[in-house]
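Visitor: Mind having a look at this structure? Questions to follow.
Nothing in this text is a laboratory measurement; each read-out follows from the coordinates by a stated rule. The structure displayed is predicted, hence computed values, not measured ones. Heads up, the Cβs are rebuilt from the backbone with ideal geometry, glycines too, and the neighbour counts pull from every protein chain shown.
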Amino acid sequence: MKTITTILTLLLLTSISGRIIACSCIGQRTVEEEVKHADALIVGTILSKKIVTLTDSTILKIYPNDTTMRNSPMGKMKIAHYDLLVQDIYKGKITNDTLIIYTGLGGGDCGIKFEIGKKYIIYGEKETYFGQVNNDFKFPKAINTFWTYNCLRTTSYLQDEIAEIENAKRKYIDKDEVIFADPDSPPTFKDGGDI
């Protein structure tokens, strides 16, 4: 009887969980629009990658002592954690020479598969893009931590993209809009280093 109850519960939760995600971006913002939208705009090199497994907090509350439910893949979500060595900061409050970048694993979750040792232009957000769909997961959030995904303009390092960012920067400066990091006030890193 317990097995039948567990199976029925799994089927019910699967049907209402909303965890099936398909990556769908409605158009792409221009560089100028993306610069304004993003919480951070950084150029850096990927140092390392690890996979992080998150557990649905609702399952933990409903089944605090049921290890079958707690360990069920239905209540788990995997995301990628990348360490990024900062080389240039165009926008964002950065207090360290390395950042944590979170994203999905790629494919249907809109995640980006970064290559270790490769240089990227990262448009980042402070909040996860999974939040509206999977709000029962405790997504990482901290200083020097950003989220990115395919629907942002994050890309491998391209000089054309940098030229457009610089162009957008000039336009915002001409309008007296301060959204970029101040190049005359470089960040102070807790380890005493610099970029």
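Visitor: Whole-Hz ³J(HN,Hα) for each residue in the stretch 141-149, computed from phi via Karplus 6.51 cos²θ - 1.76 cosθ + 1.60 with θ = phi - 60°, x for glycine and proline: what do you get?
Guide: Values per residue, Gly and Pro as x: 8, 6, 5, 6, 10, 9, 10, 9, 6 Hz.
Visitor: Would you please give the FRET efficiency between Asn167 and Asp39, computed as 1/(1 + (r/R0)^6) with r the Cβ-Cβ distance and R0 = 30 Å, to the nearest 0.05?
Guide: With R0 = 30 Å, the Cβ-Cβ based efficiency is 0.90.
Visitor: Still on this structure: Quickly rank 25-33, 162-170 as a protection proxy: mean count of other C-beta atoms within 10 Å, highest first. Present the calculation step by step, with values, prior to reporting the outcome.
Guide: On the way: 25-33: 12.6, 162-170: 15.8.
Averaged packing, sorted descending, gives the order 162-170, 25-33.
Visitor: Can you tell me the length gained on complete extension of the stretch Cys151 to Thr68, counting 0.36 nm per residue apart and subtracting the Cα distance?
Guide: Details: separation 83, 0.36 × 83 = 29.88 nm, distance 3.56 nm.
Gain in length upon complete extension: 26.3 nm.
Visitor: Next question, about the same structure. If you take the square roots of the eigenvalues of the alpha-carbon gyration tensor of the stretch 26-174 and sort them as a ≥ b ≥ c, do you get rounded (a/c under 1.5), prolate (a/b over b/c) or oblate? Provide the component values of the computation, followed by the final result.
Guide: Details: a/c = 2.42, a/b = 2.09, b/c = 1.16.
It comes out prolate by the Cα gyration axes.
Visitor: State, to one decimal in nm, how far the label point of Cys23 lies from the label point of Ala142, with both points 7 Å from Cα in the Cβ direction.
Guide: Label-label distance for Cys23 and Ala142, simple model: 2.6 nm.
Visitor: Just the number, please: percent antiparallel of the DSSP beta bridges in the stretch 26-174, rounded to the nearest 5. Write out the running numbers ahead of the final one.
Guide: Details: 30 of 33 bridges.
In the stretch 26-174, approximately 90 percent of DSSP beta bridges are antiparallel ones.
Visitor: Here's another thing I want to ask about it. Would you mind calculating the gained length between Ile100 and Lys76 on full extension (0.36 nm times residue separation, minus the Cα-Cα distance), in nm to one decimal?
Guide: Details: separation 24, 0.36 × 24 = 8.64 nm, distance 2.11 nm.
Working it through step by step, the gained length comes to 6.5 nm.
Visitor: Among Gln28, Trp147, Met74, whose Cα projects farthest towards the positive end of the dipole of the stretch 26-174, with charges put on the beta-carbon of Lys, Arg (+1) and Asp, Glu (-1)?
Guide: Farthest towards the positive pole: Met74.
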